[in-house]
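> Handing you a structure now.
The values are calculated or read from the model by the stated rules, or taken from the named source; none is laboratory data. Everything numeric in this text was worked out from a predicted model, so none of it was measured. Methodologically, a virtual Cβ is constructed for each residue, glycine included, from the backbone with ideal geometry; neighbour enumeration extends over all protein chains shown.
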């Protein structure tokens, strides 16, 4: 009598269950912002053929930087337009205030007032180094009771590191005791590395100033 045996099939492996991938995070939209750079005040300092128009700017955006901001100056005397010129481009952090100057010679000789408007290239949400405005020491040799020239010295301290060799433009503005603009000046520097830089900025003023300040801008 023969016997027959049935083979038992091997147990089947459980099928793999696909794990759904996590959805990509959705960036949180920024609140509504005011994309405006305002001109808070303007003035011009003169001596001989030199005229230095000055404009104090404020980035009124809370969440955006203002990049490549250019001030367009138009100088005047006795209601007559003398010359127009642009400032070097600057970058402003959200809420930052910076006094910006330009340098006009023969075309602006004897200017007594200036109009200033601004243009902004872009509004980035990621910004680079900025420089808090700081006090500067005014000196003059010789000193004059009226229109004259001198230097403003101080130290620039950026909010974050700047690579050695980076370009920095520094601005000085001088004022009366009541805050009226008397003049100013600017100077270009190459950042040598480190966390600060001592600078001397030549200025033109309409009278000996009560106080001067230093600001600066660098590329982002």
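> In the stretch 203-220, how many are in a strand (DSSP E or B), under 22 Å from residue 89 (Cβ atoms) and within 19 Å of the chain's Cα centre (by Cα)?
The number of residues fulfilling the criteria is 6.
> Mind checking which residues of the stretch 156-177 are assigned to a loop (DSSP other than H, G, I, E, B), within 17 Å of residue 133 (Cβ to Cβ) and more than 19 Å from the chain's Cα centre (by Cα)?
Listed by number, the list is empty, since nothing qualifies.
> Working carefully through the options 198, 180, find the one that is without any contact (Cβ under 8 Å) to a residue 60 or more places away in the chain and over 15 Å from the mean Cα position of the chain (by Cα). Walk me through how you get there before you give the answer.
Numbers: 180 fails: without any contact (Cβ under 8 Å) to a residue 60 or more places away in the chain.
The match here is 198.
> List every residue pair whose Cβ atoms sit under 7 Å apart, with the two residues 6 or more apart in sequence or on different chains, where the first one lies in the stretch 104-121 and is touching a residue at least 40 places away in the same chain (Cβ under 8 Å) and the second, anywhere, is surrounded by fewer than 13 Cβ atoms within 10 Å (Cβ to Cβ).
105/49; 106/49; 109/49
> Ok, one more. Within the stretch 140-147, is there a residue that is exposed (fewer than 15 other Cβ atoms within 10 Å of the Cβ), in contact with a strand residue (DSSP E or B) (Cβ under 6 Å, 6 or more places away or on another chain) and in a strand (DSSP E or B)?
no
> Counting only residues that are under 14 Å from the mean Cα position of the chain (by Cα) and touching a residue at least 12 places away in the same chain (Cβ under 8 Å), give me the strands (runs of 3 or more DSSP E) lying completely in the stretch 22-100 with at least 2 of them.
On the way: elements: 37-47, 50-59, 66-77, 80-86, 90-92.
Because the criterion is at least 2 residues that are under 14 Å from the mean Cα position of the chain (by Cα) and touching a residue at least 12 places away in the same chain (Cβ under 8 Å), the strands (runs of 3 or more DSSP E) in the stretch 22-100 that meet it are 37-47, 50-59, 66-77, 90-92.
> Still on this structure, please answer the following. Checking residue 83 against (1) within 30 Å of residue 131 (Cβ to Cβ); (2) modelled with pLDDT of 95 or more; (3) in contact with a strand residue (DSSP E or B) (Cβ under 6 Å, 6 or more places away or on another chain): exactly one of these is not met. Which one?
(2)
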